[in-house]
Amino acid sequence: MLTQAQIRTYEEDGQITAPVGLDKQTVAKLKLKMESFFANHPHLDQDYAYDVFKYDKSWLDLAKCPEILDIAAQLIGDNIICWGSAFFAKKGIGGKATPWHQDGQYWPIEPLETCTVWIAIDHANEENGCMKVIPGSHKERKYYSHHRDDSDETVLNQAMDLTELPHSEIRNVVLEPGMFSFHDAFMVHGADANNSGKQRGGITFRFMPASCHFNREKAQKMVKELGVVDISKRELFLLRGADICGLNDLCED
Ligand SMILES: O=C(O)CCC(=O)C(=O)O
């Protein structure tokens, strides 16, 4: 759980590294599970493999882990839907950068209140391109303009220019295996390419309060207008509480 001071840090910065994490044995099992996941799905890009649940729902067990959900509940409330899962398991050779971006920019969630947990399976540090955040960049709850970048050098095709920001102090999110970082959907973040020779495995889960609507029609429009990945058919898993919004078509897991 987070202390009140840590919750305030998240509110101020848009990111917090949790004071709890997974034990060594659990991380070792996760690492093997990640390796066998990619061995079984060789067509997936390890640098960014999204919608992991589509291939293997057993990853939901990790998203449901109480250490993670208790913190998510402190940040977004007790009614929690998990709607996304993605590996950023950058291998360490021929790596792609994660451009500076805001997540919420291409998410069809109304209102946009979500948080992501980034779970380190390997060490994530400056050497192997850990996530970098601009603390406080979420605070105005506004979208900065992004441009489309379809190059093979990056894992996402929406990128923003940091010159638009009023301030841009960069913080590296350095994590040991098993540690969690949480970030807000409006927060500006990115990561350098990992060419260190050392894998930087991380998996993310996206949570929204169940008072929000995952608007599938809006998702389809975003595909047409922005050329982003089609997330209109994402499965929605209610992990805690009830669907307060009432408009979300939930999935039985
Ligand atoms: O780990 C990375 O390279 C980027 C992660 C990210 O963009 C995210 O979790 O939203």
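Read-outs: derived from the displayed coordinates by stated rules, not from any lab. On a predicted model such as this, the values are computed, not experimentally measured, just so you know. Neighbour counts run over all protein chains shown; Cβ positions are idealised from the backbone, glycine included.
Quick rundown of the values:
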{"read-out": "Dipole moment magnitude, nearest 20 debye, the chain about Cα centre, only Lys, Arg, Asp, Glu C-beta charged", "value": "300 debye"}
{"read-out": "Exposure proxy ranking, count of Cβ atoms within 10 Å, fewest first, for GLU153, GLU252", "value": "GLU252, GLU153"}
{"read-out": "Contour minus Cα-Cα distance for HIS167 and ASP70 (0.36 nm per residue)", "value": "31.7 nm"}
{"read-out": "Lys/Arg +1, Asp/Glu -1 at C-beta; the chain dipole; positive extreme among LEU250, THR163, LEU62", "value": "LEU62"}
{"read-out": "The stretch 52-94: trypsin sites (Lys or Arg not before Pro) in DSSP loop, at most 16 other beta carbons within 10 Å", "value": "LYS64"}
{"read-out": "Mean residue ellipticity (222 nm) of the chain, computed from DSSP H runs ≥ 4 via -39,500 (n - 2.57), nearest 500", "value": "-6500 deg cm²/dmol"}
{"read-out": "All Cα pairs of the stretch 4-240, percent lying beyond 25 Å", "value": "37 percent"}
